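J.: Below you will find the structure I want to go over with you.
The values are calculated or read from the model by the stated rules, or taken from the named source; none is laboratory data. Treat the numbers as computed from the prediction; the structure is a model and nothing was measured. Backbone-built Cβ (ideal geometry, glycine too); neighbour counts: all protein chains shown. Note: accessible area is taken over every heavy atom of the protein model, side chains too, but ligands, DNA and RNA are not part of it. Shrake-Rupley method; radii C 1.70, N 1.55, O 1.52, S 1.80 Å.
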Amino acid sequence: MTAPATTTGPTPTGPTPTATATAGTRKALYVYGITPAGVRAPRSPGVDGARVRLLTDSGLSAAVSSAPVRLRPRRRDLMAHQAVLDELAGQGPVLPMRFAVLSPGPTRCSPSSERTPRT
């Protein structure tokens, strides 16, 4: 039996389970999930103990916190991420984000920042 052929191609880019926020991206936001507007901000501490807040626009809210300087899939951070999602899910529907999803800042997390003007 022969081994399956392997190919070498470009390495995929994008977020990995071990994301690192550098000094240049300290304004980055850690995104937990998207909910309908009107939910309460979670009381559970977020990743790295950060306070979780809601950014609301166009009938949706994004649950976010400040991105930690170093982000690794440690048990306590995975559990904090899940606790925030569980608290949001207890209030209604939630679109969960996977662990370590970062947004460059609050304006990039807003649905209205992606709109194109109508003519």
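J.: State which residue pairs qualify: first residue at positive phi and inside the range 54-80, second residue of a type in the set (S, T, N, Q) and open to solvent by less than 60 Å² (accessible area, probe 1.4 Å) in any location, beta carbons under 6 Å apart, and separation of 6 or more residues or different chains.
T.: Here the result reads S58/S112, each pair linking the range 54-80 to a residue that is of a type in the set (S, T, N, Q) and open to solvent by less than 60 Å² (accessible area, probe 1.4 Å).
J.: Please go through the range 28-49 and give me each residue that is open to solvent by less than 20 Å² (accessible area, probe 1.4 Å) and under 15 Å from F99 (Cα atoms), ordered by number.
T.: Residues satisfying the conditions are A28, L29, Y30, V31, Y32, G33, G46, V47.
J.: When you go through R98, R76, R118 one by one, which is the residue that is open to solvent by 80 Å² or more (accessible area, probe 1.4 Å), part of a loop (DSSP other than H, G, I, E, B) and modelled with pLDDT of 95 or more?
T.: Among R98, R76, R118, only R98 is open to solvent by 80 Å² or more (accessible area, probe 1.4 Å), part of a loop (DSSP other than H, G, I, E, B) and modelled with pLDDT of 95 or more.
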